[in-house]
Structures are given as structure tokens and as C-alpha cells.
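Single-structure report; data block below.
We did not get these values from a lab; they are worked out from the coordinates using the rules stated. Everything quoted here is computed from the prediction, not taken from an experiment. Every residue, glycine among them, receives a Cβ derived from its backbone with ideal geometry; neighbour counts consider all protein chains shown.
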């Protein structure tokens, strides 16, 4: 159970640098995902087996979700959106391992993820519309909206961070409290619910990131259509 949302437990130190348990778990998640991706893709075949067919179904479903949000080739966004979803999902589900606190229950991890979404949104917007086209989007529908549109860019990333942090942290706290009061078996239904909540939060985070990117990418298309 987490003592405080802002507290960090130190795992070890490298000289003067203290490495927290959150960093260790985060790197463990990244290593596990990298190993799993290598394992499932190293022997792809033209005639897929069950594992490859399941993987292709996941990719197809992800592409369909991307295409329904952004026109064009979904491959442009597949790596980013798919990685965000898998990473957040794995971090959320890591709470089911005894003694492990999910990195997404710590504010700095969620802030880093929100920053990635913020920067990639800007990058995709500039790539699609150019620097001037991306900047002109802040003046829509009128120049008076520039301050509000600028604030929106920051606040929606902040809300993305807070939403993920609040939902994951609250789930860990509830399970920890029930476990300390009621024993080992009673929290099992709550842990099953936590699995579902973790999956839903990973999906919401990835889809909101996709929506933010879509709004930046399609600004130029909307402007050309209105001319």
C-alpha cells in the first residue's frame, strides 16, 4: 500500500543518486514489454498460428480505432498509441504482484506520460500542417481565442495526468485498506475489479492521446475545407 501519493521508497543508490522503487518497476515493465514484443514477433509466418492470429487481431482492432478517429494510414500512430496502451495497462496490472506498487499510482510517472502526449501532439501537428499552420490553429475561430486555446493545450494534458493518477492510486489504496482490515481472501473481488479498471484506464488514456493528436493533425485539413 502507498504511504503517500508523493512519497518515494528508495530501492538502492548509485553513489549520490538514489533510485526509487518506482523507477525500478518502470524499467522492469519496459524490459518485460521489450522481451515480450521480441518473443511474439521473432517467428512471424505467412500462415499464422494461434498466437500470431491473436496478435494480428489486436493490431487490426487498434488500426480500426485509429482510422475511426484520424483519416489516413493508421501506421503513422500505431506504435505510439499501442505502446502507450500496453505500457499503462502493464503498469496498472503490476499492482497485482505482491509488494509492487504500480508506477502509474505515482504522480511523476503520469506526468511523464502526459508530457509525452503533449510533445507528440505538437510534433504531429507541425508535421501535418507546418509550423505556421499549427500556430494559426490557435487563432481559430477568432484571434481572441488564442489565450484560451493555449491554456487548453496545457490543461488537457494536465487532466490526462490527474485522471490516470487518481484512478490508479485510489484503487491501490482501497485494496490495501481492505487487505489490512479483512484478511487475504476478501479483497480478491476488488482485485478482479482493479484488473478491469486498469484496462479501462489504459484504453481511455490511449484514446484521449489519439483524440488530442487528431485535433492537431486535422486543423489544417479543416482550414483548407473552409476556404
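Pick from 210, 84, 196: which residue has the top mean-square fluctuation in a GNM of the chain where Cα pairs under 10 Å get a spring?
196
Among 207, 146, 81, which one moves the most in a GNM of the chain with springs linking Cα atoms closer than 10 Å?
So, out of 207, 146, 81, the one fluctuating most is 146.
Residues of region 113-141 with amide nitrogen under 16 Å from the 7 Å Cα-to-Cβ point of residue 71?
128-129
For a quick size check, give me the Cα extents of region 107-188 along its three principal axes, largest first, whole Å.
For region 107-188, the Cα spread along each principal axis is 60, 25, 18 Å.
Where does helix 50-69 land angle-wise versus the long Cα axis of the chain, in degrees 0 to 90, nearest 10?
Helix 50-69 sits at roughly 40 degrees to that axis.
When N counts the residues of region 79-134, how does its alpha-carbon radius of gyration compare numerically with 2.2 N^0.38 Å, as a ratio? Walk me through the numbers on the way to the answer.
Values: Rg = 15.0 Å, N = 56, 2.2 N^0.38 = 10.2 Å.
Against the compact-globule rule of thumb, the ratio is 1.48.
Helix 146-182 against the longest principal axis of the chain: what's the angle in degrees, Cα atoms only, rounded to the nearest 10?
So the helix axis and the longest Cα principal axis differ by about 20 degrees.
Need one number for region 49-170: average projected area of the convex hull over its C-alpha atoms, nm². Display every interim value, and only then the final one.
Values: hull surface 39.8 nm².
Dividing the Cα hull surface by four gives the mean projection, 9.9 nm².
Could you check the spin-label model distance between residue 122 and residue 177? Points 7 Å from the Cα along Cα→Cβ, value in nm.
Placing both labels 7 Å beyond Cα along the Cβ direction yields 3.9 nm.
Please determine, in degrees from 0 to 90 and to the nearest 10, the orientation of helix 107-136 with respect to the longest principal axis defined by the Cα atoms of the chain, where the helix direction is its Cα long axis.
Compared with the principal axis, the helix lies near 10 degrees.
In 10 Å bins starting at zero, report the fraction of Cα pairs in region 46-87 per bin as a rounded %.
Calculated over all Cα pairs of region 46-87, the distribution is 28, 48, 23, 1 percent.
Mind checking Rg over Rh on region 24-118, alpha carbons, Kirkwood formula for Rh? Before the final figure, lay out each step's value.
Working: Rg = 15.3 Å, Rh = 15.1 Å.
A ratio of 1.01.
Please compute P(r) over all alpha-carbon pairs of the chain, binned at 10 Å starting from zero, and give each bin as a whole-number percent.
7, 26, 30, 23, 12, 3, 0
Can you report the principal axis dimensions of region 1-75 using only the alpha carbons, biggest first, rounded to whole angstrom?
51, 32, 25
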